[in-house]
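Quick notes on the structure that follows.
Values quoted throughout were computed directly from the atomic coordinates according to the rules given, and no laboratory measurement underlies them. From a predicted model like this one, the values you see are computed outputs, not experimental measurements. Virtual Cβ from ideal backbone geometry, glycine too; neighbours counted across all protein chains shown.
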Amino acid sequence: MPKMKTKSGAKKRFKVTASGKIKSGQAGKRHGMIKRSNKFLRNARGTTVLSAADATIVKKYMPYAR
C-alpha cells in the first residue's frame, strides 16, 4: 500500500485544533482596505474556525490530521 498524499496547499493554509475543528486565516484582507470599514478590519484579525461544511472539504485533503 503506497503512502497517502496530502495537499501541500492545504497543509500550509489550515491547522487542525485538538477537538478536530479546522482553523484558517481570515479572508478579505489582501487588498482594498480603503473601501472596508474599520469594524470589518478589526473583526478580521487573527484566525477563524471554518464552518462544518467547509471543514469536511478540507479534511479530505489532510488524511493524517483526523
Q: Set Lys and Arg Cβ to +1 and Asp and Glu Cβ to -1, take the dipole of the chain about its Cα centre, and tell me which of Val16, Gly32, Ser51 lies farthest positive.
A: Gly32
**Q.** Helix 52-61 axis, angle to the chain major axis (alpha carbon atoms, nearest 10°)
**A.** 50
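For the chain, what mean projected area does the convex hull of the alpha carbons give, in nm²?
Values: hull surface 22.7 nm².
The number I arrive at for the chain is 5.7 nm².
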